[in-house]
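Reviewing the structure listed below.
Derivation of every value follows stated rules applied to the coordinates shown; laboratory data play no part. Keep in mind the model is a prediction, meaning the values are calculated, not measured. We place every Cβ from the backbone using ideal geometry, glycine too, and count neighbours over all the protein chains shown.
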């Protein structure tokens, strides 16, 4: 993990799922719980459900629809937001993420949450984990109509939040999103080594990665 040049950073942009929150909830929901409920609803086997859902997931990955509970509710004829509540007990903060957030506030940094999560999903997470007080803004990509993978998201964020890319730190567990931020000109970028606590660490390729939030404290 790098030592960050905090005197060169005014703004910190943080992803939510897999970055501040354990990605286990989302992985369990999309790969286990939703397929199970889909199989029950449509009267098919779990394997048939997986065979139908996985190509759909791949088709929409990285697009705004992938993150939209309304889209999936229509597409699958299931109340996706309600089904998420059935496993909401799995929503959990990553170790020391709150310590890091408190330190950012104490250091006078501008801090915004920027997530591809739909507002329904964001609200559910905020019910379970007290994140809101740490942030100046809580921004969903659905507010702008573009996912973070899209350069137009960053242009919209710039207009709305007014950050200086060269003096901004962005942390996210998605490599395509980090590359999109880099293309926009964000100077300080960190990936996350182990977004899902139940899965092995991942290769973050060209990006340095967070392994311990305490080591990042300004």
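Results, tabulated for the structure shown:
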| quantity | calculated |
| --- | --- |
| Burial ordering of 118, 89, fewest other beta-carbon atoms within 10 Å first | 89, 118 |
| Likely footprinting exposure, 174, 32, 121, 73, fewest C-beta neighbours within 10 Å first | 32, 73, 174, 121 |
| Of all DSSP beta bridges in the chain, antiparallel share, percent nearest 5 | 5 percent |
| Order of 52, 86 - criterion: other Cβ atoms within 10 Å of each residue's Cβ, fewest first | 86, 52 |
| Förster radius 41 Å - calculated FRET efficiency between residue 217 and residue 74 (Cβ-Cβ, nearest 0.05) | 0.40 |
| Relative contact order of the chain, pairs being alpha-carbon contacts under 8 Å that are 6 or more residues apart, as % | 30 percent |
| GNM flexibility winner over the chain from 79, 95, 35 (Cα, springs under 10 Å) | 79 |
| In nm, spacing of pseudo-spin labels at residue 164 and residue 82 (7 Å Cα→C-beta vector) | 5.1 nm |
| Degrees, to the nearest 10: 175-184 long Cα axis against longest axis of the chain | 40 degrees |
